[in-house]
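One structure is given below, encoded as structure tokens.
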Amino acid sequence: MTGLVIKNTGSWYMVKVDQEEGLGNSAQPLLPCKVKGNFRLKGIRTTNPVAVGDHVTVVPNNDGSAFITKIDERRNYIIRRASNLSKQAHILASNLDNVILIVTVAHPITTTTFIDRFLATAEAYRVPVTLVINKKDIYSPEELQYAEDLAYLYRYIGYDVRIISVATGEGMDEIRELLKGKVTLLSGHSGVGKSSFINAVLPEQKIKTAELSEVHDQGMHTTTFSEMYEVGTENNSGYIIDTPGIKGFGTIEFSKEETSHYFKEIFKISQDCRFNNCTHTHEPGCAVLKALEDHLISQSRYDSYLSILEDETESKYRE
């Protein structure tokens, strides 16, 4: 029996079983499942061997539960280094058509380092990203200008960027169009409006939301586990995958030689470097350093690139 993992609750996974295979109860096609077997991803240890979005094979038990015995090959996934663990990774979701990365320039602040690390990982696993800057309605003129500048930067690089307000609905109709017929991962810091976003798209879900912490101007976790929600009409349905808010984004399995490939503008300019194995940090004849000097590459993007290189060279994470 095969199915789709739609929710992770820690030790249990909810699997939507393919209807044609029959459960004996078509009105309840969801099976609570546990993992049977040792699943590894290219030798990488992961905190969650099964991810929301996985297509799996399950073997039912007599008590109404089942065991997941096989994971189909993943088309792609978004993965990050588990917090403070150098040897483990966490898969946010798999088999994605798109990612909507919700960010805010204030209340709370999303740094460009976080954005760039997420975008680089999405590039590495060939997942398209739409960058959504939320809370337009509450920004000061200076904050709104910064949001426009940020949008200009990432559009210039080649990303789809939207400045919206979930609270007022501005820009939401266009976002709804992006969701039709696609499996979309929703990600970002706590407090940027992910739960409010889902409530706006799927009001029947009544996702819990929380106010920002007044002390730190940071969001508080309202989503504990990843979950997939169906969206759209029967003939053009898609899914949104909601994930817990993430503070940092540690990259995993990025070699020094490959990292520049995942920064679109750096990779393009690097074709003119004198050396094929240029790291764009000190080498003579480096076209990237020249472009940085000429302001053809933004300093923030270059700093993010260097920070990923440091992930592999410094003891930033506990063994």
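The values are calculated or read from the model by the stated rules, or taken from the named source; none is laboratory data. None of the values given here were measured: they were computed from a predicted structure. Positions of Cβ are backbone-derived with ideal geometry, glycine not excepted, and every protein chain shown enters the neighbour counts. Accessible surface is based on the protein model in full, side chains and every heavy atom, while ligands, DNA and RNA are left aside. Shrake-Rupley method; radii C 1.70, N 1.55, O 1.52, S 1.80 Å.
Worth pointing out:
- Model label points for L296 and S255, set 7 angstrom from Cα along the Cα-to-Cβ axis, are 2.7 nm apart.
- Residue order for L30, L150 - accessible surface, 1.4 angstrom probe, largest first: L30, L150
- Here the stretch 53-198 carries DSSP beta bridges of which approximately 45% are antiparallel, counting only pairs with both residues inside.
- Extension gain for E310 to T69 (0.36 nm times residue separation, less C-alpha to C-alpha distance): 83.0 nm.
- Subtracting the Cα-Cα distance of N38 and R126 from their residue separation scaled by 0.36 nm leaves 29.1 nm.
- If you bin all the Cα-Cα distances of the stretch 67-162 at 5 Å, starting from zero, the percentages per bin are 3, 11, 20, 20, 16, 13, 9, 5, 2, 1, 0.
- 21 Å Cα-Cα threshold exceeded, pairs from K16/K36; K42/K256; K70/K182; K42/K70; K70/K247: K70/K182; K70/K247
- For peptides 242-254, 164-176, 127-139, sequence by mean Cβ density within 10 Å, most packed first: 127-139, 242-254, 164-176
- The fraction of all Cα pairs in the stretch 256-314 landing in successive 10 Å bins from 0 to the largest distance is 25, 61, 14, given as whole percents.
- Computed from the Cβ-Cβ distance with R0 of 30 Å, the FRET efficiency linking D173 to E148 stands at 0.90.
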